[in-house]
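Notes follow once the structure below has been shown.
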Amino acid sequence: MWKKSTALLLAVSLLAGCSAVGDVETLLRAPQLSGESAALQKALNSFLGSSATLKFPASGDFLSPFAFGDWDGDGIDEAAILYTTDTTSSNVWLAVLEPTGENSWRVSRAVEGLTGEVQSFSAAHLKDTTSQQLLAGYISPQGDQYLVVYQYDGDTLSTVISKSYTDMIVADFTGKGDTQDLVLALPPDTELGGVTLQLLTANDGEFRSTQTLNLGEGVYSSCAALHAGVGSDDGMYLVMDAWTGTSSLVSDIILYDPETGFLQPYRPSGMSDIQRSTLRYHADLRSFDIDGNGTVDIPAEIDDGGTLQTPMDKRLSFVLWKDYTTPTGGNSRFGLYDSEYNLFMQLPESMHGSVLVHSNQSGTGWLICNAEGTTVYCEMRVVDPADNAATGTGNYLRIANIGSQQLQARIVTPYYGLSLDSISQNTVLLGSN
């Protein structure tokens, strides 16, 4: 959970680093690495007879061209490298390397990927408890995504599955405990509409598709994101954020039924319309474990949170997060969502419906006031700490670094449940979702 300001700083730094992939790849064209990574690239270049360009995935378990794990289950870790070369096609290649001694490697197998960019790169125990399969998500210049699951057995590097997809998630949905399952959101069917999920799991030592489930026919247009969480009964469940057209998001909840062996939609007690209850209009307002308890919380924009004055009503929204995993509807958190910086600031529930928010005098942030606007409780602002004119005076606390700027807060009039400490602990950067 990205709650503390240091964690928020780290998340922003990671996100900022993703935008410079092209420059990093240019720098890594020559072997400028050290230690084990340099030894791996040396072995790869020797195998190719030329210098490789390392490819950085945008997401997944490995945010590096290098991955380490026991791919074949022999008790010894192998390595994997994503790369391109000037002498072959423009597609990404995947090489598996075996250790040959201390800080020494050799390329065992290499296969060509499907496109020139890698969207995600991960590993999982999909078939058994010893070996790990490599999952590479490729993306085309047109935005089409393709997932390939690779199996390395010590001699060959083969393709287990190759599928077109829009999103994917790995977790133990079926409760086997020793292997993981894969759920894919498939590209939308323009005729039927809705979102089709495919469950792939291990059966008798083989990893294959066991179910396809269509959700929201006539309502959903495509899948926006998949999330795995733990319910109140400690069972694993799936939350899907889906587009309903081009401008609004809703969520759906899916559970695995051990009696039937299938995924099925779950409707919390007392909720007659899950789409209406989870509606929001900001593209980045996705489901998230907002309180760090392992359960995925679902946001909804609400109309009764308070008053947002112009121009803050174009940037801020009142949001209620709920986890929907208990008979009473689950835990909930109320607060403000900032769409410009994709962050959530929790407010005391006693403020629900009784606050007014307007911009501060400098235009760098906002003031949270009583309903009449006569009492200011706190100020939130984003400023450049190097700009002395912008910093002003007052007891401001740094909540997070956002690029070269700081998100800061100060208390103006004390209010029970709202303090600098609570703001620091309960302001969440959602970009780590």
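Extending 7 Å from the Cα toward the beta-carbon at both SER232 and LEU397 defines two label points whose distance is 3.2 nm.
Residue ranking by accessible heavy-atom surface, 1.4 Å probe, largest first, among MET271, MET240 comes out as MET271, MET240. Once Rg and the Kirkwood radius are both taken over the C-alpha atoms of the stretch 282-334, their ratio Rg/Rh works out to 1.03. Counting only Cβ charges, +1 for Lys and Arg and -1 for Asp and Glu, the dipole size of the chain around its Cα centre is about 1160 debye. In the chain, if the dipole is taken from +1 on Lys/Arg beta carbons and -1 on Asp/Glu beta carbons about the Cα centre, which of PRO258, LEU40, LEU135 is farthest to the positive end? Of PRO258, LEU40, LEU135, it is LEU40. Computed from the Cβ-Cβ distance with R0 of 30 Å, the FRET efficiency linking THR244 to LYS314 stands at 0.85. When the Cα convex hull of the chain is projected onto planes of every orientation, the mean area is 23.8 nm². Between ASN370 and ALA38, what FRET efficiency comes out of the Förster formula 1/(1 + (r/R0)^6) with R0 = 56 Å and r the beta carbon distance, rounded to 0.05? Efficiency at R0 = 56 Å is approximately 0.40. Residues GLU191, GLU98, ordered by accessible area of protein heavy atoms at a 1.4 angstrom probe radius and largest first, appear as GLU191, GLU98. What is the stretch 121-185 by shape, rounded, prolate or oblate, if you read a ≥ b ≥ c off the alpha carbon gyration tensor as root eigenvalues and call it rounded for a/c under 1.5, prolate for a/b larger than b/c, and oblate otherwise? Taking the square roots of the gyration eigenvalues as a ≥ b ≥ c, the stretch 121-185 is oblate. Of all aspartates and glutamates in the structure, the ones whose alpha carbon falls short of 18 Å from that of LYS42, not counting any fewer than 8 places away in one chain, are GLU25, GLU78, ASP86, GLU98, GLU102. Element breakdown for the chain at a 1.4 angstrom probe: carbon and sulfur atoms account for 48% of the accessible area.
Remark: the ASP284-GLN264 segment gains 4.6 nm on full extension, using 0.36 nm per residue and subtracting the alpha carbon distance. Using the rule -39500 (n - 2.57) for each DSSP H run of four or more residues, divided by the residues of the chain, the 222 nm mean residue ellipticity is -3000 deg cm²/dmol. Stretched out straight at 0.36 nm per residue, the stretch from SER89 to ASP421 would grow longer than its current Cα-Cα span by 114.1 nm. Among THR115, THR295, THR246, which one moves the most in a GNM of the chain with springs linking Cα atoms closer than 10 Å? Of THR115, THR295, THR246, the Gaussian network model singles out THR246 as fluctuating most. Take the alpha carbon atoms of the stretch 347-369, find their center, do the same for the stretch 264-286, and report the distance between the two centers in whole angstrom. Computed from Cα coordinates, the inter-centre distance equals 26 Å. Taking the Cα centre of each part, how many Å lie between the stretch 393-412 and the stretch 165-179? Cα centroid of the stretch 393-412 versus Cα centroid of the stretch 165-179: 40 Å apart.
Between ASN103 and ASP128, the modelled labels are 3.5 nm apart [label points 7 Å from Cα along Cα→Cβ]. What the stretch 285-426 shows is 43 Å² of accessible area per residue, with the surface traced by a 1.4 Å probe over protein heavy atoms.
Residues LYS163, LYS42, sorted by accessible area with the largest first, give LYS42, LYS163 [1.4 Å probe; ligands and nucleic acids excluded].
Ligands, DNA and RNA excluded, the heavy atoms of ASP167 present near 40 Å² of accessible surface to a 1.4 Å solvent probe.
The values are calculated or read from the model by the stated rules, or taken from the named source; none is laboratory data. Remember, predicted model here, so these are calculated numbers, not experimental data. Heads up, the Cβs are rebuilt from the backbone with ideal geometry, glycines too, and the neighbour counts pull from every protein chain shown. For accessibility, only protein heavy atoms count, side chains too; no ligands or nucleic acids. Shrake-Rupley method; radii C 1.70, N 1.55, O 1.52, S 1.80 Å.
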